[in-house]
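For reference, the structure is listed below as structure tokens.
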Amino acid sequence: MAYTLVMHRSLIKHCRACGTPVEHRVPDDGDTKIRAICPLCGTIHYENPLNVVGTVPYWGPQGEQVLLRKRNIEPCFGKWTLPAGFMELGETTAEGAVRETQEEAGAEIALEGLFTVLNVTRVSQVHFYYRARLLSPQFDPGFETQEARLFHEHEIPWEELAFRTVRETLQRYFDDRRRGVFGIHAGDIA
């Protein structure tokens, strides 16, 4: 059987079960990927993508403004982004999106449908953005945010956006808004 091994730099150095330094090899169980394997207890450690969850918070009767926040942390300090962050254990993607919006932008929202699912394979992440109706135009951002404010499409600082997933999500939002129909968009960010 022919297959291609794709090697990424593993973060696992020691067995989580017994602490022994792991070996990086293909398991003997028919798997085809290199895994971190404990030579002492035999535990196979799997590494999976991280989920990033967030929202496209909008304001106005036609959803003409979106809320962006200016990052107060690295990476991309000082760049604009949508409220989003890593999903926590024990929460759904929707719960995480609401939490991140409240923590980072201090915004109260009514969560609507899933809007974009974007694979960012080079950093082993999947980004999930939900549309969210803002309940108020007042914001109380947390320490990770320098500023949170509303933008019309023509005001968005496109060249100052932090991440390609944010650009893609915003472009899809305004395209769908013009059409008057919001869909679910999936894609890959190279």
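Laid out as a table, the results:
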quantity: Filter pass, ARG149 being charged (D, E, K, R) and touching an Asp or Glu at 6+ places or on another chain (Cβ under 8 Å); calculated: no
quantity: Residue match in segment 121-138 (condition: of a type in the set (Gly, Ala, Ser) and free of Cβ contacts under 8 Å to residues at least 40 places away in the same chain); calculated: yes
quantity: Enumerated strands (runs of 3 or more DSSP E) restricted to segment 95-190, each holding at least 2 residues that are buried (at least 17 other Cβ atoms within 10 Å of the Cβ) and under 16 Å from the mean Cα position of the chain (by Cα); calculated: 109-120, 125-134
quantity: Subset of segment 52-84 that is among the aromatic types (Phe, Trp, Tyr) and part of a strand (DSSP E or B) - its residue that is surrounded by the fewest Cβ atoms within 10 Å (Cβ to Cβ); calculated: TRP59
quantity: Some residue of segment 16-30 being assigned by TED's automatic domain parsing to the domain that holds VAL126, touching a strand residue (DSSP E or B) at 6+ places or on another chain (Cβ under 6 Å) and without any contact (Cβ under 8 Å) to a residue 24 or more places away in the chain; calculated: no
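The values are calculated or read from the model by the stated rules, or taken from the named source; none is laboratory data. Predicted model, so just to flag it, every value in this text is computed and none were measured. Neighbour counts run over all protein chains shown; Cβ positions are idealised from the backbone, glycine included.
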